[in-house]
Amino acid sequence: MSRRIPTIEWQVAGACNYDCSYCIQSKRYRRGRPSADALEKLIDVFAKLPGEWEIKCSGGEAFAHPLFMQFVVPELMARTRHRISVLTNFSSDREELARFVAMTRGRLSVFSASLHLEFVSLEEFATKAEWFCGSLEPSVRFVVNQVVLPGREADAARAQAELRARGIRWFPQLYKVKGGVFAYEHPERLIPLIGSRPDPRQANVAPSYRGKLCHAGVEYFVVDKDGGAWSCRTAKRHGEGYLGNLHDGVLTRLSAPAPCPYSICPCTVPANRGMIEGVGPQRQPPHATDGSETPVAP
């Protein structure tokens, strides 16, 4: 039986300090840094959610928003009981990263660092990641994400080898285009990177879970930079699954799970948080600890 972890994916900011040539988000969407008032309204809604959730902060680039460290993180820690995760390009300096670890101690779940070789060297990134891992509590899951770019599979293989040699988990993502996954000219080159039949804990291949019972909209939802809440990313792309605007204090979650109607799940978070019945990490025995749990991908 899948272990469900109630999860919110929150786009803290649209703006990013990187401009990757392969970013799936168009430049017109990579804009905007919400005000403190707007951010506070979202945190108000999060604080009222029953139970303990995982709030995964992303962007854009969350750390590039000045209010992320000044306001968002302190307020989440002070006003909610929830755990925090983050998806970042890891461009913050060591001092800021050390402050983040100290501020979230005891509540940090997953730290996902994306490797973008257009902006950083592999050696620089790997050295920084190895240093950072040494500052984390054993229960925190650290993972490096990398898009496997078509024709540049060798770059991904070098990163995989370098990071694994340092004991760091490397998580590959296939290159996505509008509506699906890019058709790689040499798909056989992907097998050493993602395996022959990867599950969502091993790689992001944007599979279809159509027909499977999904808890998106019930115990999982996404929030965009404008405060809009949606049951999942694909639903939003289709203009469906709208749950309200958190800037207005409105969040109407679904009352029950429903079969997935979509042909693509572009993010591994729902699967790896147990939202899709029969997919994702399994329940651990009662004696299991955080350190012995099945690794959860971003």
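Candidates in segment 193-236 are the residues that are under 17 Å from the mean Cα position of the chain (by Cα) and of a type in the set (S, T, N, Q); of these, the one that is farthest from Thr252 (Cα to Cα) is Gln202. Taking the condition surrounded by 20 or more Cβ atoms within 10 Å (Cβ to Cβ), in a helix (DSSP H, G or I) and under 18 Å from the mean Cα position of the chain (by Cα), does Leu87 pass? Considered against the rule, which asks whether it is surrounded by 20 or more Cβ atoms within 10 Å (Cβ to Cβ), in a helix (DSSP H, G or I) and under 18 Å from the mean Cα position of the chain (by Cα), Leu87 comes out as no.
Restricting to segment 200-222, name every residue that is in a strand (DSSP E or B) and within 12 Å of Leu243 (Cβ to Cβ). Before you say what the answer is, go through the steps one by one.
At the first step, the residues of segment 200-222 found to be in a strand (DSSP E or B) are 204, 213-214, 216, 220-222.
Scanning segment 200-222 gives Ala216, Tyr220, Phe221, Val222.
Filtering segment 62-75 to residues that are crowded, with 16+ Cβ neighbours inside 10 Å and out of contact with any helix residue (DSSP H, G or I) (no Cβ under 9 Å at 6 or more places or on another chain) leaves only Ala64.
Against the numbered list (1) in a helix (DSSP H, G or I); (2) in contact with a helix residue (DSSP H, G or I) (Cβ under 9 Å, 6 or more places away or on another chain); (3) surrounded by fewer than 20 Cβ atoms within 10 Å (Cβ to Cβ), Ala78 comes up short only at (2).
Within segment 137-167, can you find the residues that are assigned to a loop (DSSP other than H, G, I, E, B) and touching a strand residue (DSSP E or B) at 6+ places or on another chain (Cβ under 6 Å)? Let's see the steps before the verdict.
Residues of segment 137-167 that are assigned to a loop (DSSP other than H, G, I, E, B), as a first pass: 137-140, 149-152, 166-167.
Within segment 137-167, Val140 is the sole residue that qualifies.
Residues of segment 1-42 that are buried (at least 20 other Cβ atoms within 10 Å of the Cβ) and not in a loop (DSSP other than H, G, I, E, B): Thr7, Ile8, Glu9, Trp10, Gln11, Leu39, Leu42. If a residue must be acidic (Asp, Glu) and touching a residue at least 40 places away in the same chain (Cβ under 8 Å), how many such residues does segment 141-155 contain? Residues that pass the stated criteria total 1.
Is it true that Asp199 is farther than 25 Å from Phe46 by Cα, surrounded by fewer than 19 Cβ atoms within 10 Å (Cβ to Cβ) and charged (D, E, K, R)? Give the derivation first.
Working: farther than 25 Å from Phe46 by Cα: yes; surrounded by fewer than 19 Cβ atoms within 10 Å (Cβ to Cβ): yes; charged (D, E, K, R): yes.
Here the answer is yes, as Asp199 does meet what is asked.
If I filter segment 228-248 down to residues being in a loop (DSSP other than H, G, I, E, B) and in contact with a Gly (Cβ under 9 Å, 6 or more places away or on another chain), which single residue comes out as farthest from Val279 (Cα to Cα)? Explain how you work it out, then say what you get.
Keep residues of segment 228-248 that are in a loop (DSSP other than H, G, I, E, B), which gives 231-232, 238-241.
When the remaining residues are screened for being in contact with a Gly (Cβ under 9 Å, 6 or more places away or on another chain), the result is 231-232, 241.
Numbers: Ser231: 18, Cys232: 16, Gly241: 21 Å.
Restricting to residues being in a loop (DSSP other than H, G, I, E, B) and in contact with a Gly (Cβ under 9 Å, 6 or more places away or on another chain), the top hit is Gly241.
Of everything listed in (1) touching a residue at least 24 places away in the same chain (Cβ under 8 Å); (2) exposed (fewer than 14 other Cβ atoms within 10 Å of the Cβ), the single unmet condition for Leu49 is (2).
Okay, residues lined up against (1) in contact with a helix residue (DSSP H, G or I) (Cβ under 6 Å, 6 or more places away or on another chain); (2) farther than 22 Å from Glu185 by Cβ; (3) touching a residue at least 24 places away in the same chain (Cβ under 8 Å); (4) surrounded by fewer than 18 Cβ atoms within 10 Å (Cβ to Cβ):
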position: Ser112; (1), (2), (3), (4): no, yes, yes, no
position: Ser121; (1), (2), (3), (4): no, yes, no, yes
position: Glu130; (1), (2), (3), (4): no, yes, yes, yes
position: Cys133; (1), (2), (3), (4): no, yes, yes, yes
position: Ser139; (1), (2), (3), (4): yes, yes, yes, yes
position: Ala157; (1), (2), (3), (4): no, no, yes, yes
position: Gln160; (1), (2), (3), (4): no, no, yes, no
position: Gly167; (1), (2), (3), (4): no, yes, yes, yes
position: Pro172; (1), (2), (3), (4): yes, no, yes, no
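Suppose the filter is of a type in the set (Asp, Glu), in a helix (DSSP H, G or I) and modelled with pLDDT of 95 or more; does Glu118 pass it?
Numbers: of a type in the set (Asp, Glu): yes; in a helix (DSSP H, G or I): no; modelled with pLDDT of 95 or more: yes.
Against the criterion (of a type in the set (Asp, Glu), in a helix (DSSP H, G or I) and modelled with pLDDT of 95 or more), Glu118 does not qualify.
Confirm whether Ala113 is among the aliphatic types (A, V, I, L, M), in a helix (DSSP H, G or I) and modelled with pLDDT of 95 or more. It is false that Ala113 is among the aliphatic types (A, V, I, L, M), in a helix (DSSP H, G or I) and modelled with pLDDT of 95 or more.
The values are calculated or read from the model by the stated rules, or taken from the named source; none is laboratory data. On a predicted model such as this, the values are computed, not experimentally measured, just so you know. Glycine also receives a Cβ, built like all others from the backbone with ideal geometry; neighbour counts cover every protein chain displayed.
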